[in-house]
């Protein structure tokens with residue numbers, strides 16, 4: 001595993017040189033979009049000069065974060081990759097446990113772990129970049145892109161904000177022997193099954209919020225149709241390589257199954273690969289906290305997206321039920337009557353859990369990955385109270 005990813009470094013540096021030597025700036029109505037030689041938009045690293053954190057500030061925040069980490073991730077058999085940063089500057093990071101118990105490989109800053117549904121944040125970013133480049137629109141019907149797509153009212157936006165009304169592919173492929181579980185399911189297979197098995201919508205489109213992995217599996221297909229590249233290639237070309245995310249990749253079940261860090265149940269039993277592990281877009285990105293920090297920083301770069309589109313990302317679209325929780329375009333949010341809105345995304349796939357928190361006002365990134373199932377990952381939101389006006393309680397015992 002390590003040897004494979006060490007080879008990535010040289011390859012990525014070469015790709016970076018090629019990418020930027022073959023890229024150009026193109027102007028559209030809203031601003032500037034950076035595209036490569038094939039006309040595909042590419043993400044730009046943030047070169048903004050942010051205020052350097054003082055030693056006193058770093059020490060103060062590091063003390064609070066480290067105490068939380070030590071009390072939360074206190075068991076010797078915990079597996080975790082953990083990072084907190086402000087203005088792109090790392091305040092605290094810690095890596096512990098096994099990436100692979102069979103080979104005794106440990107989790108380190110360079111070890112890619114499955115980020116589960118945090119993959120949706122990156123998939124949505126690629127879609128929004130294509131929208132910003134005028135290659136796609138939010139209100140575009142999905143069946144104008146995926147021609148055999150069976151639901152005529154579903155748009156790109158209702159995929160992004162989980163209001164399409166579609167059923168979860170993990171359920172309808174399992175039911176009624178709709179799929180042979182000995183065969184790997186693909187994103188294209190999902191569409192074929194929806195057509196051939198006449199899978200109905202769960203709810204009428206754009207009437208209810210229903211978190212559904214099928215939405216982002218379809219968005220991956222949209223990326224493929226629009227760019228002419230496979231989803232793994234498109235994500236590498238648009239995001240991973242330009243940002244220098246050298247330890248980030250999309251899992252390929254035909255090549256990578258013996259090379260990745262496996263996941264584990266809470267009792268340390270390894271969880272194997274199954275027929276759903278060929279689907280990407282909703283999951284299946286492997287990354288590190290440091291690479292995800294590069295990604296989060298880049299979303300502040302000038303001309304990342306036009307301001308109106310950025311505003312739409314952080315707007316809640318589901319108000320049919322009163323509450324503080326909502327979903328934007330590839331981001332979860334909590335909106336209180338008082339205090340700052342809280343933007344994040346969690347993930348869970350097999351034994352992998354993940355938490356990606358972006359405090360936009362304070363420009364703080366909090367990133368936690370684990371390849372051993374635990375709910376501790378999701379408790380990380382408590383750390384937001386150390387940096388801003390967020391109503392989470394972090395007392396001396398690290399409990400709410």
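Coordinate-derived values only; no laboratory data. Owing to the predicted nature of the structure, the values given are computational and were not obtained by experimental measurement. No Cβ is skipped: glycine too gets one built from the backbone with ideal geometry, and neighbour counts run over all protein chains shown.
Could you grab the relative contact order for the range 341-391? Cα pairs under 8 Å, six or more apart, rounded to a whole percent.
Result for the range 341-391 is 31 percent.
Mind giving me the nanometre distance, one decimal, between the label points for residue 48 and residue 271, set 7 Å out from Cα along Cα→Cβ?
3.6
Mind jotting down a quarter of the surface of the convex hull over the alpha carbons of the range 243-400, in square nanometres, one decimal?
The orientation-averaged projected area of the Cα hull of the range 243-400 comes to 11.8 nm².
Rounded, prolate or oblate: which one fits the range 190-229, using the alpha carbon gyration tensor with axes a ≥ b ≥ c (rounded when a/c is under 1.5, else prolate when a/b beats b/c, else oblate)?
Verdict is oblate for the range 190-229.
Provide 180, 153, 132, 277 in ascending order of the number of other Cβ atoms located within 10 Å of each residue's Cβ, fewest first.
By the 10 Å Cβ count, ascending: 180, 153, 277, 132.
Kindly provide the helix-only [θ] at 222 nm of the chain, computed as the sum of -39,500 (n - 2.57) over DSSP H runs of four or more divided by all residues, to the nearest 500 deg cm²/dmol?
-8000 deg cm²/dmol
Label the range 49-137 by shape, choosing from rounded, prolate and oblate, from the square roots a ≥ b ≥ c of the eigenvalues of the Cα gyration tensor; if a/c is under 1.5 it is rounded, and otherwise prolate applies when a/b is larger than b/c, oblate when it is not.
Because a/c hits 1.5 or more and a/b fails to exceed b/c, the range 49-137 counts as oblate.
Taking the Cβ of each residue in 69, 295 as the centre, tally the other Cβ atoms inside 10 Å and list the residues starting with the fewest.
Listing 69, 295 from fewest to most nearby Cβ atoms yields 69, 295.
State, to one decimal in nm, how far the label point of residue 71 lies from the label point of residue 311, with both points 7 Å from Cα in the Cβ direction.
If labels sit at residue 71 and residue 311, their model points lie 4.1 nm apart.
Please express the shape of the range 173-212 as an equivalent ellipsoid: the semi-axes are the square roots of 5 times the eigenvalues of the C-alpha gyration tensor, given largest first in whole angstrom.
One finds semi-axes of 22, 11, 10 Å for the range 173-212.
Using a Gaussian network model on the chain with a 10 Å cutoff between Cα atoms, which of 97, 228, 165 fluctuates the most?
Evaluated over the chain, the most mobile residue of the options is 228.
Tell me the relative contact order for the chain as a rounded percent, counting alpha carbon contacts under 8 Å between residues six or more apart.
Contact order relative to length: 23 percent.
When the scattering of the range 187-321 is computed by the Debye formula from its Cα atoms alone, each counted once and equally, what is log10 I(q)/I(0) at q = 0.12 Å⁻¹?
For the range 187-321, the Cα-only Debye profile gives -0.67.
Cα gyration tensor of the range 134-174, axes a ≥ b ≥ c as square roots of the eigenvalues: rounded (a/c below 1.5), prolate (a/b > b/c) or oblate?
Because a/c hits 1.5 or more and a/b exceeds b/c, the range 134-174 counts as prolate.
Out of 323, 388, 88, any idea which swings most in a Gaussian network model of the chain, alpha carbons joined below 10 Å?
Residue with maximal mean-square fluctuation among 323, 388, 88: 323.
For a quick check: sort 146, 223, 199 by the number of other beta carbons within 10 angstrom, fewest at the front.
Arranged by neighbour count, lowest to highest, 146, 223, 199 become 146, 199, 223.
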